[in-house]
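*Asks:* Have a look at this one before I ask anything.
What follows is calculated from the coordinates using simple rules that are stated; it is not laboratory data. Since this is a predicted model, take the numbers as computed values, not measurements. When we count neighbours, we look across all protein chains shown, and the Cβ atoms used for this are built from the backbone with ideal geometry, even at glycine.
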Amino acid sequence: MLRTLDPDQPVVTITVDGAPVGAFAGETVAACLMRHGLVPTRVTPSGRPRAPYCLMGACFECTVELDGRTHVQACLTPVRDGMVICRNLPE
Amino acid sequence: MPQPARIEPAADLVVIGAGPAGMAAAVEARRHGLAVTVLDDQPAAGGQILRGIARRHHIRYEPWGQPLADAFATSGARHVAGAAVWARDGDAILFGQEGRTCRIRARATLVATGSMERPVVVPGNTLPGVVTVGALQSFLKGSGAVPDGPFVLAGCGPLLLLTALQLATAGAPPTAIVDTMPRGRWRAAMAGAAGLLGDMPLALKGISLIARVRLAGIPVHRHATELRVLGTDRAEGLAFRADGENRTIAAGLVALHDGVVPHDQLAVSLGCESRFDPALGSYRMVTDADGRSSLPDVWIAGDGAAIAGGYLATLSGSLAALDVARSAGRIDAAEHARLATPLAAERRRRLRARAFVDALYAPTLSAAAAPDAALLCRCEEVTVGQARAAIAAGARGTRQLKAATRCGMGPCQGRQCTLSVVNLLARELGDGADLVRPSLRTPGRPVTVAELAASHEGHGHTGSDA
């Protein structure tokens, strides 16, 4: 869905739903997930897929579990090496 | 056991938001010796318009942006990034940072939370791959990322044109712009055109923007209606009507935009008064000319109070800081007048251009015009049809609609639906609609029970809150 303009940035590794994912040190978790096409980020109670929408902290569509904390807004969080992320998807 | 709250050193002024208004206020307050802490929920200072100004630039920022960012960085104000404010408890501000509850005593508080995009209600607007136009700007400026593959910008507003141009310049031109401005808008807006003389730089910027989008050769579909995002699990394109024909554009990303409104939920949850402005289809915070809110010791500046753009936000931020400095006895009335008078005069003069801009870019994609199947409340999954049924069953106001449908009761706390509800009520009931805003209570953001439990304890800098 997205591509980077800064391919020479340092690369770190984060874990998304148990799988390693390459991330650029200067991007947000939401940008990283979208760049890898890792959507939806959550599924609603009625079963509809949702993904990052406003990217400024106002819509709460991009909330994920991050290092054990629930409902973290991926768009407000810069990636950090070793981060562990779980999307809010049904089992 | 939850960690106890971290107690931050008390500040003469706590600024909430590190955008143009917040940065300008911090710089001005520091000039007069106030201890200033700036709490901001974003990863870096700049707000939306100056997002990413401290990293590698992929756009050209406004000329006042870099000097302001530099002045802020060297002002001596303490900047706390990733700080999500959720309450005011007496004279303390409570915020969360990476799950840790923090508490800071504030002699004065300035809310400078900026703008957010007006909710857009069209069928399919919740599919993955549908984003706001501001989101594309956020990817570009904050993460150095651009759309990969065909994408379309749809809606109306200066930000849409600016973003299209910035993306084209960065090597990722949109497949098309689907412009929803109805016919006759320019003629209707001309009534306010004389006001543009008050802000010629703004008028010239607008003309240059429109001309540069034309020169960039981006296909534009004008006066589009009946927008509908295509796809089942992801956005696959946009369908619309233009020039008397049904059209579709295939796109993996669909970016929607319908202007900006104050991002004022925090100020409202603190208890500050706001009023509905029918001309804007949004609320504006009640403040005096210095930004003083309806609450003692709380000021509001910039687009978070009323939309006027980034540059004017810097003026209102400075004016609020000067008023705080006067209230704290750091400057006397004569010094205040000497510093504030020219800023206030410039602000008043430039504000005269708003009538034209607001009329030209009045909302085009609100719930009032949407089909029943479109989703009005993203969090609680309430459709426009369900809201219309509740109105038909007797709901006359925002609170009754909230009670009948749950709209506004999810994690975004009405950020994405309140204005849709209000405009739907106004359209369906006319003068009979009760547009009083639904109450927003503490916490101003969703918090965990552990964060809440931690908020009244604390061992930190002073070991005491007093």
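*Asks:* As an exercise, identify the GluC sites (Glu not before Pro) in region B:207-299 lying in DSSP coil whose Cβ has no more than 14 other Cβ atoms within 10 Å.
*Replies:* Working: sites: B:GLU226, B:GLU236, B:GLU245, B:GLU273; in loops: B:GLU236, B:GLU273.
Taking region B:207-299 and a limit of 14 other Cβ atoms within 10 Å, the loop GluC sites (Glu not before Pro) found are B:GLU273.
*Asks:* Do any cysteines in chain B lack another Cys Cβ under 4.7 Å, and if so which?
*Replies:* That list is B:CYS102, B:CYS156, B:CYS272, B:CYS379, B:CYS412.
*Asks:* Output ³J(HN,Hα) for region A:22-32: one whole-Hz value per residue in order, computed from phi by the Karplus curve 6.51 cos²θ - 1.76 cosθ + 1.60 with θ = phi - 60°, and x for Gly and Pro.
*Replies:* x, 9, 8, 4, x, 10, 7, 4, 5, 5, 4
*Asks:* Starting from the Cα of B:ASP288, step 7 Å along the direction of its Cβ; do the same at B:ALA373; then give the gap between the two resulting points in nm.
*Replies:* A separation of 5.4 nm, rounded to one decimal place.
*Asks:* Expressed as a whole number of Å, what is the distance separating the alpha-carbon centroids of region B:212-235 and region B:397-435?
*Replies:* With region B:397-435 and region B:212-235 each reduced to a Cα centre, they are spaced 28 Å.
*Asks:* Taking a virtual spin label 7 Å from the Cα of A:ALA25 along the C-beta vector, which residues in region A:59-91 bring their backbone nitrogen under 19 Å of it?
*Replies:* Taking a point 7 Å out along Cα→Cβ of A:ALA25, the residues of region A:59-91 whose backbone N falls under 19 Å are A:77-84.
*Asks:* So, one more: Counting alpha carbon pairs within less than 8 Å and at least 6 residues apart, what relative contact order, in whole percent, applies to region B:195-261?
*Replies:* 19 percent
*Asks:* Right, another one. Just counting partner chain Cβ atoms within 10 Å, what average do the residues of peptide B:74-84 show around their Cβ?
*Replies:* 1
*Asks:* Taking amide H atoms as placed 1.01 Å from N in the peptide plane, list the residues 5 or more away in sequence, or in a different chain, whose amide H sits under 5 Å from that of A:CYS59.
*Replies:* A:CYS54
*Asks:* Label-point separation (nm) for A:ASP8 and B:ARG399, each offset 7 Å from Cα along Cα-to-Cβ?
*Replies:* 6.0 nm
*Asks:* Counting DSSP beta bridges with both partners in chain B, what percentage is antiparallel, nearest 5?
*Replies:* 50 percent
*Asks:* Please list the non-local residues whose amide H lies under 5 Å from the amide H of B:PHE151, H modeled 1.01 Å from N, same-chain partners needing a gap of 5 or more.
*Replies:* B:THR175, B:ALA176
*Asks:* Taking the Cα centre of region B:245-337 as the origin, how large is its charge dipole in debye, to the nearest 20, when only Lys and Arg (+1) and Asp and Glu (-1) carry charge on their Cβ atoms?
*Replies:* Working: 6 positive and 12 negative charges, 27 e Å.
Value, rounded to 20: 120 debye.
*Asks:* Can you work out the Karplus-derived ³J(HN,Hα) for every residue in region B:329-334? Use 6.51 cos²θ - 1.76 cosθ + 1.60 with θ = phi - 60°, whole Hz, and x for glycine or proline.
*Replies:* Working through the residues one at a time gives x, 7, 9, 8, 4, 5 Hz.
*Asks:* Taking the alpha-carbon centroid of each part, what is the distance from region A:1-47 to region B:1-56 in angstrom?
*Replies:* Value for the Cα centre distance between the two parts: 28 Å.
*Asks:* For B:LEU376, enumerate residues with amide H under 5 Å from its amide H, sequence gap 5+ or separate chain, H modeled in the peptide plane.
*Replies:* B:VAL382, B:THR383, B:VAL384
*Asks:* What is the calculated FRET efficiency for A:GLU65 to B:LEU295, with r their C-beta to C-beta distance and R₀ = 45 Å, to the nearest 0.05?
*Replies:* In this case the efficiency is close to 0.80.
*Asks:* Now, a different point. How large is the charge dipole for region A:11-86, taken about the Cα centre, if only the Cβ atoms of Lys, Arg (+1) and Asp, Glu (-1) carry charge, to the nearest 20 debye?
*Replies:* Computed charge dipole of region A:11-86: roughly 200 debye.
*Asks:* Counting only C-alpha contacts under 8 Å and six or more residues apart, can you give the relative contact order of chain B as a whole percent?
*Replies:* 21 percent
*Asks:* Rounded to the nearest 5, what is the percent of antiparallel bridges among the DSSP beta bridges in region A:11-86?
*Replies:* 90 percent
*Asks:* Residues of region B:158-195 with amide nitrogen under 17 Å from the 7 Å Cα-to-Cβ point of B:GLU245?
*Replies:* Taking a point 7 Å out along Cα→Cβ of B:GLU245, the residues of region B:158-195 whose backbone N falls under 17 Å are B:176-179.
*Asks:* Suppose a student asked you for the relative contact order of region A:11-86, using Cα pairs under 8 Å spaced at least 6 residues apart; what percent would you report? Could the numbers behind the result be given before it?
*Replies:* Details: 145 pairs, mean separation 29.4, N = 76.
Relative CO of region A:11-86 lands at 39 percent.
*Asks:* Then there is this: Give a residue-ordered list of calculated ³J(HN,Hα) values for region B:47-62 (Karplus: 6.51 cos²θ - 1.76 cosθ + 1.60, θ = phi - 60°; whole Hz; x for Gly, Pro).
*Replies:* x, 7, 5, 9, 4, x, 5, 8, 10, 5, 7, 10, 9, 9, 7, 4
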